[in-house]
Amino acid sequence: MLSVSEGLVRNLARASVLGGALAPALIYALVGFSGLQQLVTDDARVQARRAGSAVAANPEVWRYATDRLVDQIEEVRHVATHTHLIDTDGKLLAQVGEECTGICVDSGAPLMDFGKIVGEVRVSADLVPVLARSAGIGAMGLAIGFLLIRLLDRHVLLPLERIRVTNVELAFYDPLTRLPNRRLLMDRLGHALVGSRRSRVFGALMMLDLDNFKALNDTQGHDAGDQLLIEVAKRISASVRQEDTVSRMGGDEFVVMLEGMGTVEATAAKQVEAIAEKIHRALNQPYAISAKEKSHHSTPSIGVTIFQGQDISIDVLLKQADVALYQAKGAGRNTIRFFNPQMQAAIDSRSTMEAALRNGLKQGEMQLYYQPQTGRDGELTGAEALLRWIPDGKTPVSPAEFIPLAEDTGLIVPIGLWVMQTACAQLSAWAKDPRTNQLQIAINVSARQFRQPDFVQQVYATLRDTAANPASLKLELTESVVLENVEKVIQRMQQIRELGVTFSLDDFGTGFSSLSYLKRLPLDQVKIDKSFVDEVTSDRNDAAIVRAIIAMSQALGMQVIAEGVETEAQLDFLKNCGCANFQGYHFGRPTPIKEWERFL
Ligand code: C2E
Ligand code: CA
Ligand code: CA
């Protein structure tokens, strides 16, 4: 080895292509690598330091050096095929997939760190083994080294002290989970798209988000949240192949990129689906997130899109996965949805829809339907107000379609206010009729609306302006609303209750139900979710859950109402369990107020 390097150095020194200060620098680099530091003069050392990130522009030097050096390190070539290089100014020198080769010469701790990131940058294979090897040289006590890389057609020589490994980690990795971050993902995705365009091989992008993660964070603290994220990261990574990219985009959002899914779309889709299901199963297993909570349950929603390098931008692809994720959430969470052309139409129409919704609110296209609520003996006790948007005056658009959009855009705030004002106006109209003056109206309050700083004020002003009886107004909140920032929510609920207004907890049983919180919330009523009522006569688990909810609510002094009651059998079961309030098609569908005569 000594003789090879010695010869190399001499050749290099002799080579007329080497000019100026760069020659000793390069020589020093090469010599450093081969462990022949005794050949380096002090002068070379100084000049090498000065050379800094100067550019050695001659391809021949490059070829000459790499041919020989890489020969010597053949045996460690398998170490890895990816890496990233960044200098101390944060400038990216070489990134994933970029044509870049390099020779690294260094020693000591920083090098060991370098060893750690080896395996994360796709530079041509040359760089990596050198990095790995140079770690060994470090053990021999070399104090300084250089990295010579070829970046596109430039040759860059850098002293290693200008390359901070921590920067690489910060810039490209999520510190909590150690997964690639958004920036690195974007990078790899860009290359994957180019590769796929050339090869016609399908790839896929999967966007995942944990259902009710916020509630966990708020109720159990951020450490528990972090623990969960770390475990989720591990499980996703264990569910995919080494060459796939699992990244964390921030918060509880993860993105997985799959490549090499074959050239047949149907097969690719099947394969991707199988992987998505595998991840889904893995994430559905209980988590031991703390000593206290050994069996925490968390579920993901997953949106998937596949690509074949069509002329599609990274942004559009991410958007597609996001839309699919959105659909998965809309479909009740804990599920997988594939992006499809109908969804594309939905995105295209999203902004159109937003404008239409905004306009519709102004033009009076919103309407409230009222669905009867009844007591034990079938007597009418009130109604739930359910929003309808009727853009063309004929076909109502389901709130399931536009409420999420309204939430996203903030339109839910004026819409929600309109709902409250309309319902309260109805209450004061009902107050004048002895048949209806005892009836309550329940309205749905969405998270964003409830969190408005002036929400209490809005309730107060609406009651005042409409002269509605506060005791007849019931606000339905979902668990996701009440478990976010519990203390504040409790305080706010109490302020509203002081006005005389009551609270019902909607969709109970579907979310992050926690007895200890339920006990503390100032609730008047718990609403058993339709999904339990559906199967109550056929599914023993659902029956048990319903029984437990009823018993628990009674013990806590809360009223129980069952929603989605469609059959006599369901009604009988619920009554036998002690439930005394009902809502569902069995009693009546949501109906415009002018058709309400028949319920009265
Ligand atoms: P939700 O609050 O859980 O409302 C109950 C939904 O179940 C309503 O759907 C209702 O029509 C439907 N439903 C009631 N009984 C039965 C039954 O026996 N069988 C079946 N299959 N369905 C039944 P809708 O009206 O489409 O509303 C969907 C969701 O939209 C509501 O779910 C609520 O979350 C939201 N929403 C509706 N109006 C408003 C509103 O004014 N503000 C806000 N923020 N959300 C609203
Ligand atoms: Ca409701
Ligand atoms: Ca509900």
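Tabulated data
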{"quantity": "Selected residue (only one of Arg281, Arg358 is open to solvent by 70 Å² or more (accessible area, probe 1.4 Å) and not assigned by TED's automatic domain parsing to the domain that holds Gln227)", "calculated": "Arg358"}
{"quantity": "Residue that is nearest to ligand 2 (Cβ to nearest atom), among those in the stretch 367-401 that are assigned to a loop (DSSP other than H, G, I, E, B) and under 22 Å from Phe587 (Cα atoms)", "calculated": "Ser398"}
{"quantity": "Enumeration of residues in the stretch 569-600 that are among the basic types (Lys, Arg) and either within 16 Å of ligand 3 (Cβ to nearest atom) or surrounded by 19 or more Cβ atoms within 10 Å (Cβ to Cβ) (or both)", "calculated": "Arg589"}
{"quantity": "In the stretch 200-233, residue farthest from Val323 (Cα to Cα) [restricted to those that are assigned to a helix (DSSP H, G or I) and free of Cβ contacts under 8 Å to residues at least 12 places away in the same chain]", "calculated": "His222"}
{"quantity": "Of all residues in the stretch 424-454 being aliphatic (A, V, I, L, M) and either in contact with a Gly (Cβ under 8 Å, 6 or more places away or on another chain) or within 16 Å of ligand 2 (Cβ to nearest atom) (or both), the one that is farthest from Glu407 (Cα to Cα)", "calculated": "Leu439"}
{"quantity": "Residue check, Ala400 assigned by TED's automatic domain parsing to the domain that holds Ile441 and open to solvent by 60 Å² or more (accessible area, probe 1.4 Å)", "calculated": "yes"}
{"quantity": "Residue match in the stretch 335-351 (condition: within 16 Å of ligand 1 (Cβ to nearest atom) and either at pLDDT below 95 or part of a loop (DSSP other than H, G, I, E, B) (or both))", "calculated": "no"}
{"quantity": "Filter result (in contact (Cβ under 8 Å) with a residue 24 or more places away in the chain, closer than 26 Å to Tyr370 by Cα and assigned to a loop (DSSP other than H, G, I, E, B)) within the stretch 569-586", "calculated": "Gly578, Cys579, Ala580, Gly584"}
{"quantity": "Helices (runs of 4 or more DSSP H) (entirely within the stretch 411-466) containing at least 3 residues that are touching a strand residue (DSSP E or B) at 6+ places or on another chain (Cβ under 7 Å), open to solvent by less than 30 Å² (accessible area, probe 1.4 Å) and touching a residue at least 40 places away in the same chain (Cβ under 8 Å)", "calculated": "412-430"}
{"quantity": "Residue satisfying condition, being among the polar types (S, T, N, Q), surrounded by fewer than 13 Cβ atoms within 10 Å (Cβ to Cβ) and closer than 28 Å to Met206 by Cβ, within set Gln310, Gln363, Gln320, Gln327", "calculated": "Gln310"}
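The values are calculated or read from the model by the stated rules, or taken from the named source; none is laboratory data. Keep in mind that this is a model prediction, so the values were computed, not measured. No Cβ is skipped: glycine too gets one built from the backbone with ideal geometry, and neighbour counts run over all protein chains shown. Side chains are part of the model used for accessible areas, which takes the heavy atoms of the whole protein and leaves out ligands, DNA and RNA. Shrake-Rupley method; radii C 1.70, N 1.55, O 1.52, S 1.80 Å.
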